[in-house]
Amino acid sequence: MFARIAWIEFQAGKAEQGFRALERSVVPPIKERQGYRGVIVLRDRKTSTAGLLTLWDTEADMQVDAGENYPSQADVLHDVLAGAATREFYEVNSISIEQA
């Protein structure tokens, strides 16, 4: 399994609008892509930053159109981003998620 993370910073006072856009407009198309396995949206309320972690079956699935439907390219986020999202790519070494 592979993981891609985008680090996002929202403009001051626009974090709520940005998170709504992520949930409604950015994440749904990502879920439709081949090899998609999951998504985790991280939030730092102190700094108005976010991380969008997506999980993929293969490295090829993760790399295909990495910029498409991603925060720095999403028109819906254009007016709320403080700058371009940075992206990082990883191989998942292990994963464990406990349900409450």
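We did not get these values from a lab; they are worked out from the coordinates using the rules stated. Here the structure is a predicted model, which is why all the values come from computation and not from measurement. Quick reminder, even Gly has a Cβ in these numbers, built from the backbone with ideal geometry, and neighbours come from all protein chains shown.
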Ordered by residue, what ³J(HN,Hα) values in Hz, to whole numbers, does segment 83-100 give under the Karplus form 6.51 cos²θ - 1.76 cosθ + 1.60, where θ = phi - 60° and Gly and Pro are x?
-> x, 5, 6, 9, 10, 10, 10, 9, 8, 7, 7, 7, 8, 8, 10, 9, 8, 7
Once amide hydrogens are built 1.01 Å from N within the peptide plane, the residues lying 5 or more places from V80 or on another chain with amide H under 5 Å from its amide H are none
Sequence-distant residues sharing a close amide H with A85 (under 5 Å, placed H) | S72
Answer with one residue from I95, Q63, V80: the one whose Cα lies farthest towards the positive end of the charge dipole of the chain, charges on Cβ with Lys, Arg +1 and Asp, Glu -1.
-> V80
Name the residues whose placed amide hydrogens come within less than 5 Å of the amide hydrogen of R33, ignoring near sequence neighbours (fewer than 5 apart) on the same chain.
-> none
Estimated distance in nm for a label pair at R45 and S25, the labels positioned 7 Å out from Cα along Cα-to-Cβ = 2.5
Computed for segment 2-91: size of charge dipole around the Cα centre, +1 on C-beta of each Lys and Arg, -1 on C-beta of each Asp and Glu, debye to nearest 20, value 400
